[in-house]
Structures are given as C-alpha cells and as structure tokens.
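Okay, so here's the structure we're looking at.
The values are calculated or read from the model by the stated rules, or taken from the named source; none is laboratory data. This one's a predicted model, so the numbers in the text were calculated from it and none came from an experiment. Using ideal geometry, Cβ is built from the backbone for each residue, glycine included, and neighbour counts are taken over all protein chains shown. Note: areas computed on protein heavy atoms with side chains; ligands, DNA, RNA excluded. Shrake-Rupley method; radii C 1.70, N 1.55, O 1.52, S 1.80 Å.
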Amino acid sequence: MVRLVAGLLFLLVSTTATAADVVNVKLMTLELAVDIAQAAVEACREDGYQVSVVVVDRSGRDQVVMRDVYANQYMTQLAKAKTSAVVLSNTSSTLLGKNRADIAAELNQLDDLLVLDGGVPITIAGSMIGAVGVSGAPGGDLDEACALRGIEAVQERLDFAD
C-alpha cells in the first residue's frame, strides 16, 4: 500500500513538473500565410511594382514564397533575408536597422540575413507568429508598405484569433 501511494505521489509530482516544461505556441496556417503573401503582391502590383514575397513561420521556416512575373530570384533571396532579420529581432527589419545601426554591418555578414527595409513581423496579441518580407519595389520603404498592406488585409483575422 505504501508503494502504491508513493507511486501515485511520484506521478502527480512528475506530471506537474513536466507540465511547466511545455509551452503552448500559436502557429500560422498555410491559408493565412498565402493570403498575406497574395495581398502583398497585389498591393505592390497596384503601385506598379513587380516583387517577391516570402512569408515565414515564427522560427523562420518558409511557408509561402511568391514571385511576380518579372521579379527575379535575387528579389526572392532578399525578401527571405529580410524575414530572417525580423525573426532575429522580433521587430521590423527597418527598426532593427535603426535600433542596432552599430552592428548592422556585422548582422549582414550572417548567412541569409540582411538588415534592409521591407521585413515585418506578423503578430497575434503581441506574440510574433511569423514574418513577411517583400523585395522588388524601388525602395525598401515601398517594400515595407506592401508587406504592411499584406498584413492589413488579414488584420481582422489576426485580431480575433484565439
């Protein structure tokens, strides 16, 4: 009987300790990522720009890569590198460049990461669930505007995500 009670106590204590070691994470669906990418491409098209858009999950893994007809492979690489800056800093690539101008050159030496305007975090209730990067407009500020419009197109879904 003592062994049974001791065993049950052990299970109770070990279960409680293990539960504290688990973190619940919000993940973006493929449908949400596609809608953000499509809206960003369309926003740039409306302004006359052919761009590449990359949407990554919170860990920086590609979920969607879109390249408009005249956007080349280097624009896609740049868009991806901008998302890496966002994942690293949990802020826009523009803010990273401003806030850490002292180490931007060193950060740009990292593989597949560039501190350039055009990368924006995708957030739910203050937590980053991914990032979108745009490249191909004639200026990083214009790339960022298209990325923001991509997120704006799904903002209501982000606001009411549970």
Item to complete: Sum up the charges of everything whose Cβ sits under 13 Å from the Cβ of Met28, counting Lys and Arg as +1 and Asp and Glu as -1, but leave Met28 out.
Response: 0
Worksheet item: With each label point set 7 Å from Cα along the Cα-Cβ vector, what nm distance links Lys98 and Gln155?
Response: 1.8
Response to the item:
Mean-square fluctuation maximum in Gaussian network of the chain, Cα pairs under 10 Å, restricted to Gly126, Gly150, Gly140, hits Gly126
Worksheet item: Of the heavy-atom accessible surface of segment 25-109 (probe 1.4 angstrom), what whole percent is carbon and sulfur?
Response: 50
Item to complete: Calculate how large, on average over all directions, the projected area of the Cα convex hull of segment 33-162 is; give the answer in nm² to one decimal.
Response: 7.2
Worksheet, complete the sentence: From highest to lowest solvent-accessible area (probe 1.4 Å; ligands, DNA and RNA excluded), Tyr49, Tyr74 read Tyr74, Tyr49
Discussion item. Please give me the summed charge of the neighbours of Gln109: other residues whose Cβ is under 15 Å from its Cβ, Lys and Arg +1, Asp and Glu -1.
Written reply: -3
Worksheet, complete the sentence: Per-residue accessible area, 1.4 Å probe, largest first, puts Lys26, Lys98 in the order Lys98, Lys26
Item to complete: Just grab the label-to-label distance for Asp47 and Leu110, each label 7 Å out from Cα along the Cβ direction, in nm (one decimal).
Response: 2.6
Worksheet item: When the Karplus curve 6.51 cos²θ - 1.76 cosθ + 1.60 is applied with θ = phi - 60°, which whole-Hz ³J(HN,Hα) does each residue of segment 108-120 get, with x for Gly and Pro?
Response: 5, 7, 5, 4, 6, 9, 9, 8, 9, 4, x, x, 9
Discussion item. Run lengths n ≥ 4 of DSSP H only: what is the helix-derived mean residue ellipticity at 222 nm for the chain, with -39500 (n - 2.57) per run over all residues, to the nearest 500?
Written reply: -15500 deg cm²/dmol
Practice prompt. Hydropathy first: keep DSSP H helices in the chain averaging at least 1.0 on Kyte-Doolittle, then drop any whose Cα extent along the axis falls short of 20 Å, and list what survives.
Written response: 2-19
Fill in: Between segment 91-153 and segment 48-78, the alpha-carbon center distance in angstrom
13
Fill in: For Leu78, net neighbour charge (Lys/Arg +1, Asp/Glu -1) across residues whose Cβ lies under 13 Å away
-1
Worksheet item: What accessible area per residue, rounded to a whole number of Å², is obtained for the chain using a probe radius of 1.4 Å?
Response: 59
Worksheet item: Quick one: ranking Ile103, Ile124 by accessible area, 1.4 Å probe, largest first, what do you get?
Response: Ile103, Ile124
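Dividing the Cα convex hull volume of segment 103-162 by residue count, how many Å³ per residue is that?
95
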